[in-house]
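Input: a single structure, listed below in structure tokens.
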Amino acid sequence: TWADIPGRLPEAIAEYEAALRIDPEYADAHNNLGSALSENKDLPNAIAQFEAALQINPNMPEAHANLGVALAKTPGRMPEAVSHLQTALRMRPNMQPIRQLLTQIRDAQKK
């Protein structure tokens, strides 16, 4: 994606926003915009985009995973984060980074 190119985040965000003006129901664009916003340290708007993607397509494991990661970085939202991460893993069990994150969260909660 555009967001993977260093220094191109503003361009990526503008492109995803343009795609959504053309097709507001484009779940992948919402998810990708959320990823770019998250990378840009704009978690509230990233969360809103991941939620929009899931409103359109609740069966998107990537959006559940991305939303879970963003929520895990947001104070007071860990239970929601865990729920979305678990949903992502149920849909796509081979998401190893998500499995590792859940293990880290559980270990931290035990302390």
Length gained, Glu51-Glu80, 0.36 nm per residue minus C-alpha separation, equals 9.3 nm
With -39,500 (n - 2.57) per DSSP H segment of 4 or more residues and division by the full residue count of the chain, the 222 nm estimate, nearest 500 deg cm²/dmol, is -23500 deg cm²/dmol
Here the Cα Rg-to-2.2 N^0.38 Å ratio for the chain is 1.06
Rounded to the nearest whole number, the Stokes-Einstein translational diffusion coefficient of region 42-90 at 37 °C and 0.692 mPa s (Kirkwood radius, C-alpha pairs) in µm²/s is 319 µm²/s
Carbon plus sulfur, as percent of the 1.4 Å-probe accessible area of the chain, comes to 52 percent
Note to self: with every protein chain in place and a 1.4 Å probe, the chain gives an accessible area per residue in Å² of 59 Å²
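The values are calculated or read from the model by the stated rules, or taken from the named source; none is laboratory data. Please read these numbers as outputs of a predicted model, since none were measured by experiment. SASA here: full protein model, heavy atoms, side chains in, ligands and nucleic acids out. Shrake-Rupley method; radii C 1.70, N 1.55, O 1.52, S 1.80 Å.
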